[in-house]
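A.B. asks: Here it is, the structure, as structure tokens.
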Amino acid sequence: MKLIWVEKITNSYSDCLKAFGIASILKSVINNQREQIFISDSTSHYLIELPHGVLEDWEKIVEELEPFFPLPVLKNDEEVDGKTSDASTIYLKKEKERREVFQIFQKDNQGNKQNSEGPPPEHDHYHIYSLYQGMKVITAHNKMAETFQRDPELLKVVLEWIFRACTSPLIDSEERVKVYKEIVKKYEHGTGKKVPLTSTVNALSFFNPMQAKGVNNQSSAGISPSGVKSFVLDEFFKMVGVLHSSIGRLVKVGTRSYDCMLQTIEPQEIQVTNVSAIVKNIKTKIKAPSRTYLEFSTLSYTISEILRFLLNKQLDLKPSLIEYARGLYCTYFKDLGNAKAVMNLSYYHLPSWVKFGNHDDVGEYNVLFDDLISKCEKIRRDENLLQDLDQPLNQLVTFISSGRLESLLFFVQEYHFKVFASIYEKKYWLKLEPFSVKQLQEVIMKSNQPFSKIVKDDGFINLSRAIFSATLGLQYQDKSIRKYPVHYDLQHRLKQNAPYAEKFIATLTDFASTFNNENARVFESNRARGNTGPTRKNITDKDLASVIQLIDEYGSNVVGNLLVAFGYAKKDKTNEVETDNTESYIED
């Protein structure tokens, strides 16, 4: 196996960008369709696996290189009429107009599958370039792009450096700079052209959040914050790599104020072209009405896209999702007026609980994440709802990343409360729908296998159905035909007492007694009118005993919160409102 070694120096997305930049340059140069370039992770390095014979023939590859433009020049001209972006130049204002037109078209034709034709979307990398102005990257980017456009043969210097300085983990940073200087000297002597790229440049905070250049003016004491220096090719590779491995978004925080976030996919073992395709496919789907929603959106769509690659058999099936990609590096830059500064560095693991035995498992996970995305998309469309559910959404992100059951239940409970409230307040335009019992069972059995016994227990299921029929199920009925009272405070009481076993059991038994008395009253009323139709199914002593046994085994907090989550979930019947009127009430 022939490898290119990219050392992890900062343990941030900076190293990841550099690795993807080198891999992307190699892919463009080699362009071998039969053998793909893989990028993988090791403890101290990112490894780029080259096709057979490349390292043996590297001198020939460098000599026969057909020059290309690795980076376009970015223009922010006011007058853009008649100008079209191409490989050498991107007109940012023109691309912004194209994006706005395309977004309007998408919004107007949402759900209309017949009308597939429309205006072209913006440039593939505009989501990254749109961040450059606020992050003060354009000048440095254009300087690098213009250098390679004026002398495309400089790519031979870059390529030779990769093959000479990155094929062993034993070559240190000083030696790599020395190799670069030797190659430059040889190039200048052979061509008679001056290489304008000095060995060190200032490190930009956008690409190096751990070592940013100061942005303050010189102080009265004469002390000026100087820029941290970085190897010039490292910065070049980061500028290339960010285009093929990252998703960037502006987050509106004021009338004319925007923070920004950059999220980078960290590989475990995956083809470079697949990562580029994932970024390309999800960049138009990801929305950023808030920081939390952006984190959820990027994480969930990244997972969903990998699953679709597996379903289409574009990737070989491995035992788990994290064997393709490990997670997402996230950096949040806060708008400070004249500049943006690093506010938060975070990392979201892709779920280790997503495991595969065959392609049927992949399909089940795909449905699961599609449903999560669909529900959260409805949250996004209402500003007040999005604000109210910001913390639950954050907990959902935590669950996806870690599999933490408490985080999932917190989100499901708060979401179901909003479903309940939207029906009560007649906000039907929100189109919120509860999770189904089957959906919750599947996600819990896949992510938290030890708790499968609880969610499959007959007594647990019967009690959760009784809770639904006394709360959310009644909300779907018109008040004029409603026979039973709605238990509006039941969710609150169950959640409040869940940490305390005795109080929780007392709340359950009190509810069961009230619920069965209501059934008896309706049964007697129906019989007096000669109506022998079905009523709700009673909660039996066996049901209560079964749940109490689960509480003894797993604790009231786990069982209680699961019961609240399932108690507001719907039955698994398409286009059918649940009433639980499956059995006649029978007097003891």
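The values are calculated or read from the model by the stated rules, or taken from the named source; none is laboratory data. Computed from a predicted structure; not experimentally measured. We place every Cβ from the backbone using ideal geometry, glycine too, and count neighbours over all the protein chains shown. For accessibility, only protein heavy atoms count, side chains too; no ligands or nucleic acids. Shrake-Rupley method; radii C 1.70, N 1.55, O 1.52, S 1.80 Å.
A.B. asks: How many percent of the accessible area of segment 50-171 is carbon or sulfur, using a 1.4 Å probe?
C.D. replies: 46
A.B. asks: Wrap a convex hull around the Cα atoms of segment 382-535, take a quarter of its surface area, and give that in square nanometres.
C.D. replies: Result: 10.7 nm².
A.B. asks: Further question on the same structure: For the charge dipole of the chain, defined by +1 on Lys and Arg C-beta atoms and -1 on Asp and Glu C-beta atoms about the Cα centroid, which residue among T284, T273, W5 has the Cα displaced farthest towards the positive pole?
C.D. replies: Highest projection toward the positive end goes to T284.
A.B. asks: Using the crude model of +1 on Lys and Arg Cβ and -1 on Asp and Glu Cβ, and no other charge, please compute the dipole size for segment 390-439 relative to its Cα centre, in debye to 20.
C.D. replies: Dipole of segment 390-439, to the nearest 20 debye: 180 debye.
A.B. asks: Hey, another quick one. What shape does segment 449-510 have by the C-alpha gyration tensor, where a ≥ b ≥ c are the square roots of the eigenvalues, rounded means a/c under 1.5, and otherwise prolate means a/b greater than b/c and oblate the rest?
C.D. replies: oblate
A.B. asks: K542: which aspartates and glutamates have alpha carbons under 20 Å from its alpha carbon, excluding same-chain residues fewer than 8 sequence positions away?
C.D. replies: K542 reaches D457, D458, E502, D510, E518, D552, E553, D580, E583, E587, D588.
A.B. asks: Which one of Y424, H359, N561 is farthest out on the positive end of the charge dipole of the chain, using unit charges on Cβ (Lys, Arg +1; Asp, Glu -1) and the Cα centre as origin?
C.D. replies: Comparing the listed Cα positions along the dipole, Y424 ranks first.
A.B. asks: Whole-Hz ³J(HN,Hα) for each residue in segment 488-502, computed from phi via Karplus 6.51 cos²θ - 1.76 cosθ + 1.60 with θ = phi - 60°, x for glycine and proline: what do you get?
C.D. replies: 5, 9, 5, 4, 4, 5, 5, 5, 4, 9, 4, x, 10, 4, 5
A.B. asks: Quick one: how many Å² of K318 are accessible to a 1.4 Å probe, rounded to 10?
C.D. replies: The accessible area comes out at roughly 50 Å².
A.B. asks: So, one more: Treating only the Cβ of Lys, Arg, Asp and Glu as charged (+1, +1, -1, -1), what charge dipole size does segment 65-192 show about its Cα centre? Round to the nearest 20 debye.
C.D. replies: Around 280 debye, computed over segment 65-192.
A.B. asks: With all protein chains present, how much of the accessible area of segment 287-329 (probe radius 1.4 Å) comes from carbon and sulfur, to the nearest whole percent?
C.D. replies: Heavy-atom surface of segment 287-329 belonging to carbon and sulfur, 1.4 Å probe: 45 percent.
A.B. asks: Would you mind finding the longest exposed-site-free stretch of the chain, with exposed GluC sites (Glu not before Pro) meaning DSSP loop and at most 16 other Cβ atoms within 10 Å?
C.D. replies: Longest gap between qualifying sites, sites excluded: 154-424.
A.B. asks: Let me check against my output: what whole-number percent is the relative contact order of the chain, with C-alpha pairs under 8 Å and at least 6 apart?
C.D. replies: 11
A.B. asks: Leaving out ligands, DNA and RNA, what percent of the accessible area of segment 417-509 is carbon and sulfur, probe 1.4 Å?
C.D. replies: 54
A.B. asks: Mind jotting down the distance between the C-alpha centroids of segment 350-388 and segment 13-74, whole Å?
C.D. replies: Going from one Cα centre to the other spans 34 Å.
A.B. asks: Under a 1.4 Å probe, what is the accessible area of the chain per residue, stated in Å²?
C.D. replies: For the chain, the per-residue accessible area is 48 Å².
A.B. asks: A further question follows. Can you tell me the dipole magnitude for the chain around its Cα centre, using point charges on the Cβ only (Lys, Arg +1; Asp, Glu -1), in Debye to the nearest 20?
C.D. replies: It comes to approximately 1180 debye.
A.B. asks: Turning to a different aspect of this structure: Under the classification rounded if a/c is under 1.5, otherwise prolate if a/b is larger than b/c and oblate if not, where does segment 272-409 fall, given a ≥ b ≥ c as square roots of the Cα gyration tensor eigenvalues?
C.D. replies: Taking the square roots of the gyration eigenvalues as a ≥ b ≥ c, segment 272-409 is prolate.
A.B. asks: Please list, ordered by chain and number, the residues whose modelled amide H lies under 5 Å from the amide H of V251; skip anything fewer than 5 residues away on the same chain.
C.D. replies: Amide H to amide H, under 5 Å and 5 or more residues apart or across chains, V251 pairs with D259, C260, M261.
A.B. asks: What shape does segment 507-577 take by its C-alpha gyration tensor, where a ≥ b ≥ c are the square roots of the eigenvalues and a/c under 1.5 counts as rounded, a/b above b/c as prolate, and the rest as oblate?
C.D. replies: Oblate is the answer for segment 507-577, as a/c is 1.5 or above yet b/c matches or exceeds a/b.
A.B. asks: With 42 Å as the cut-off, how large is the P(r) tail for the chain, expressed as percent of Cα-Cα pairs?
C.D. replies: Result for the distance tail: 36 percent.
A.B. asks: Let me ask something else about it. What order do Y91, Y424 take when sorted by accessible area (1.4 Å probe), most exposed first?
C.D. replies: My answer, sorted largest first, is Y424, Y91.
A.B. asks: Would you pull out the residues with amide H under 5 Å of K537's amide H, same chain only if 5 or more places away, H placed 1.01 Å from N?
C.D. replies: When sequence neighbours closer than 5 places are left aside, the close amide H contacts are T582, E583.
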